[in-house]
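Colleague: Quick one: structure below, then a few questions.
The values are calculated or read from the model by the stated rules, or taken from the named source; none is laboratory data. Not measured: the values here are computed from a predicted model. Here the Cβ positions follow ideal geometry from the backbone for every residue, glycine too, while neighbour counts run over all protein chains shown.
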Amino acid sequence: MDRFVVRPSGALRGSVRVEGAKNSALKLMAACLLCEGTSRLREIPDIADVAIMSEVLEAIGAEVVRADGQLSITTPMALTPIAPYELVEKMRASFVVLGPLLARVGHAKVSLPGGDDFGSRPIDIHLHALGELGAKFTSEHGYVEGRADRLVGARIALDFPSHTATDNVLMAAVLAKGSTVIENAAREPEVLDLANFLIAMGAQIDGAGTSRIEIQGVDELHPTEHTCIPDRIEAATYLIATAMCGGAIKVERAIATDMDMLLEKLIAMGVEIERLPGAIRIGSEGRLHSIDVATLPYPGFATDYKPPLVAALSIADGVSIASENLFAGRFRYIDELRRMGADIRTEGHHAVIRGVPALSGAQVRAPDIRAGAALVLAGLVADGETIVTGVEHIDRGYFDIVGKLSNLGADITREFVETRGQ
Ligand code: EPU
């Protein structure tokens, strides 16, 4: 029941180092199921979602140890290919064990993820693509169960470049018999990172990071070591915080070329951006211009950048339009921003944001990871005190956001609230 107490903070200064990318780390962990032995992963963030993925892997039979700044994952020969409801319900990304388990064991039983705060989140693209490789699925009692003697390579065209569906098929195809081509594949940097890890394990993959990935299946993979790429969404959060508060910070271990769309939008809003090798510097006077933005699959503007950016646009001069093209229901945090005085109207998948001179501190609840970050950022520029509850959502994706923002000069603390049963 922790909560964050956020107060107006003034300009941010200093530097902040970003962790490894959550949305790569979780898939790298799942990929360790593909071979027997111990793989070592560096820069895996110490966040709640990684802890949940560790539990998923342990339920399947792997051993996960964090020591000396790295995660060692030991996968035995025999696995229990089941991802139980209790864990998948906590984190839908657990579903990415489906591809590796089908490839390695020929059998997987994974709880169906269901909807979440973004609205309905189907898995049809995953199942269709794995079906093309020869897996047969049945679904009952809330679980999807897949079987395949040995997966066989195929040409697969995804209906939509789904990020985790691409991950699942990639991890399945590396051990399939023969060659697989994934058309309309997701192009996220995290997909490329996963492919690079698989290649280091002995997989044969060409074209990862483009919309056409070719895989030549191999009989066996071997354990290896890998360093996870930096988290572009975490980097974005600190850049947007500085754009809002004013000041100048350096975001260390950020890859500017992976964040082009965001950086262009921030420049259009009136901030200064300097691209450095392995870092990004931002300077802002805290006065922002309105812009229009529409989310798209990578290399388009990421849906995960949008909640913090909408918080920033809520105090920009003029009217902005933010369109959500990935998750129809990803607007819940807007009601919370309105409670803080933001003037935002939603129409279908568009949000019309009329900048106001100032936000007003209030008690608000984080509905999901990025929305939670948006409310924290809003609190940094709101009059009075903002209390953000539901911080367990923020903990899922951010390591020590309170410590990192405090180091930059933000006035934010974490409080533990004890609740007593009646
Ligand atoms: N979709 C389908 N059918 C499917 C799969 C996806 O219709 O079988 C639709 C979705 O409903 C959505 C669109 O395709 O409308 C895009 O979804 P995608 O599958 O690409 O998203 P995801 O793989 O489930 C990942 C990240 C999200 C991020 C999105 C978009 C992970 C673990 N999650 O989700 O990250 O928002 O890609 O880039 O990689 C977060 O980090 O907070 C987060 C939500």
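Colleague: As an exercise: evaluate TYR143 against (1) touching a helix residue (DSSP H, G or I) at 6+ places or on another chain (Cβ under 8 Å); (2) within 25 Å of VAL218 (Cα to Cα); (3) not acidic (Asp, Glu) and give the number of the one condition it does not meet.
Modeller: (2)
Colleague: For the stretch 253-294, enumerate the residues that are away from the ligand (no atom under 16 Å from the Cβ) and either charged (D, E, K, R) or in contact with a Cys (Cβ under 7 Å, 6 or more places away or on another chain) (or both).
Modeller: Going through the stretch 253-294, the residues away from the ligand (no atom under 16 Å from the Cβ) turn out to be 253-257, 263-292.
Across the stretch 253-294, the qualifying residues are ARG253, GLU264, LYS265, GLU272, GLU274, ARG275, ARG281, GLU285, GLY286, ARG287, ASP292.
Colleague: Then there is this: Is it true that LEU192 is in contact (Cβ under 8 Å) with a residue 60 or more places away in the chain and either within 14 Å of the ligand (Cβ to nearest atom) or assigned to a loop (DSSP other than H, G, I, E, B) (or both)?
Modeller: Details: in contact (Cβ under 8 Å) with a residue 60 or more places away in the chain: no; either within 14 Å of the ligand (Cβ to nearest atom) or assigned to a loop (DSSP other than H, G, I, E, B) (or both): yes.
Spelling it out, it is not the case that LEU192 is in contact (Cβ under 8 Å) with a residue 60 or more places away in the chain and either within 14 Å of the ligand (Cβ to nearest atom) or assigned to a loop (DSSP other than H, G, I, E, B) (or both).
Colleague: Any idea which of (1) over 18 Å from HIS222 (Cβ atoms); (2) at pLDDT 95 or above; (3) more than 20 Å from the chain's Cα centre (by Cα) is the one VAL96 doesn't satisfy?
Modeller: (3)
Colleague: I would also like to ask the following. Which residues, counting only those in the stretch 95-110, are within 13 Å of ILE60 (Cα to Cα) and either assigned to a strand (DSSP E or B) or without any contact (Cβ under 8 Å) to a residue 60 or more places away in the chain (or both)?
Modeller: Scanning the stretch 95-110 gives VAL105, HIS107, ALA108, LYS109, VAL110.
Colleague: Separate question: Got a sec? Which of LEU313, LEU337 is modelled with pLDDT of 95 or more, out of contact with any Phe, Trp or Tyr (no Cβ under 9 Å at 6 or more places or on another chain), surrounded by 15 or more Cβ atoms within 10 Å (Cβ to Cβ) and within 15 Å of LYS265 (Cα to Cα)?
Modeller: Answer to the check: LEU313.
Colleague: If I ask for residues that are more than 24 Å from LEU130 (Cβ to Cβ), assigned to a strand (DSSP E or B) and of a type outside the set (A, V, I, L, M), which ones from the stretch 44-94 would you list?
Modeller: Scanning the stretch 44-94 gives GLU63, ARG66, GLN70, SER72, THR74.
Colleague: Mind listing whichever residues of the stretch 252-262 are over 12 Å from GLY300 (Cα atoms) and either assigned to a helix (DSSP H, G or I) or within 18 Å of the chain's Cα centre (by Cα) (or both)?
Modeller: Step one: of the stretch 252-262, the residues over 12 Å from GLY300 (Cα atoms) are 252-257.
Hits for the stretch 252-262 are ARG253, ALA254, ILE255, ALA256, THR257.
Colleague: Something else: Name the single residue, out of those in the stretch 390-420 being touching a residue at least 40 places away in the same chain (Cβ under 8 Å), buried (at least 19 other Cβ atoms within 10 Å of the Cβ) and small (Gly, Ala, Ser), that is farthest from PRO45 (Cα to Cα). Walk me through how you get there before you give the answer.
Modeller: Step one: list which residues in the stretch 390-420 are touching a residue at least 40 places away in the same chain (Cβ under 8 Å), which gives 391-392, 394-399, 401-402, 404-405, 407-419.
Narrowing further to those that are buried (at least 19 other Cβ atoms within 10 Å of the Cβ): 391, 394-398, 401-402, 404-405, 408, 410, 412.
Pick out the ones that are also small (Gly, Ala, Ser) and you get 397, 410.
Details: GLY397: 9, ALA410: 22 Å.
Applying the filter and picking the extreme gives ALA410.
Colleague: Filter the stretch 195-204 for residues that are part of a helix (DSSP H, G or I) and of a type in the set (Gly, Ala, Ser); which is nearest to the ligand (Cβ to nearest atom)?
Modeller: Our first condition is that a residue be part of a helix (DSSP H, G or I); within the stretch 195-204, this holds for 195-200.
Next, from what is left, pick out any that are of a type in the set (Gly, Ala, Ser): 195, 200.
Working: ALA195: 14, ALA200: 20 Å.
Only one residue fits best here, namely ALA195.
Colleague: Looking only at the stretch 25-38, decide whether some residue is basic (Lys, Arg), outside any strand (DSSP E or B), more than 22 Å from ALA148 (Cβ to Cβ) and within 16 Å of the ligand (Cβ to nearest atom).
Modeller: no
Colleague: Evaluate the following for ARG287: is it of a type in the set (D, E, K, R) and within 21 Å of ALA316 (Cβ to Cβ)? Can you show your working first?
Modeller: Working: of a type in the set (D, E, K, R): yes; within 21 Å of ALA316 (Cβ to Cβ): yes.
Yes.
Colleague: Here's another thing I want to ask about it. Given the criteria closer than 29 Å to LEU28 by Cβ, outside any helix (DSSP H, G or I), modelled with pLDDT of 95 or more and within 16 Å of the ligand (Cβ to nearest atom), does PRO297 qualify?
Modeller: Working: closer than 29 Å to LEU28 by Cβ: yes; outside any helix (DSSP H, G or I): yes; modelled with pLDDT of 95 or more: yes; within 16 Å of the ligand (Cβ to nearest atom): yes.
When the stated conditions are applied, PRO297 passes them.
Colleague: A further question on this structure: Just the residues that are over 9 Å from GLY153 (Cα atoms), in contact with a Ser or Thr (Cβ under 7 Å, 6 or more places away or on another chain) and surrounded by 24 or more Cβ atoms within 10 Å (Cβ to Cβ), please, taken from the stretch 171-185.
Modeller: Answer for the stretch 171-185, where residues must be over 9 Å from GLY153 (Cα atoms), in contact with a Ser or Thr (Cβ under 7 Å, 6 or more places away or on another chain) and surrounded by 24 or more Cβ atoms within 10 Å (Cβ to Cβ): ILE182, ALA185.
Colleague: Right, next: Hey, can you tell me all the residues within the stretch 119-155 that are assigned to a loop (DSSP other than H, G, I, E, B), within 16 Å of the ligand (Cβ to nearest atom) and in contact with a strand residue (DSSP E or B) (Cβ under 6 Å, 6 or more places away or on another chain)? Reasoning before the result, please.
Modeller: First pass over the stretch 119-155, keeping only residues assigned to a loop (DSSP other than H, G, I, E, B): 120-123, 133-135, 141-142, 148-151, 153-154.
Now narrow it down to the ones that are within 16 Å of the ligand (Cβ to nearest atom): 120-123, 133, 135.
Of everything in the stretch 119-155, just one residue is assigned to a loop (DSSP other than H, G, I, E, B), within 16 Å of the ligand (Cβ to nearest atom) and in contact with a strand residue (DSSP E or B) (Cβ under 6 Å, 6 or more places away or on another chain), namely ALA135.
Colleague: List pairs: first in the stretch 176-188 and on the phi < 0 side of the Ramachandran plot and at pLDDT 95 or above, second of a type in the set (D, E, K, R) and outside any loop (DSSP other than H, G, I, E, B), Cβ under 6 Å, 6+ apart or cross-chain?
Modeller: Filtered contacts from the stretch 176-188: VAL181/ARG155; VAL181/GLU214; GLU183/ARG212.
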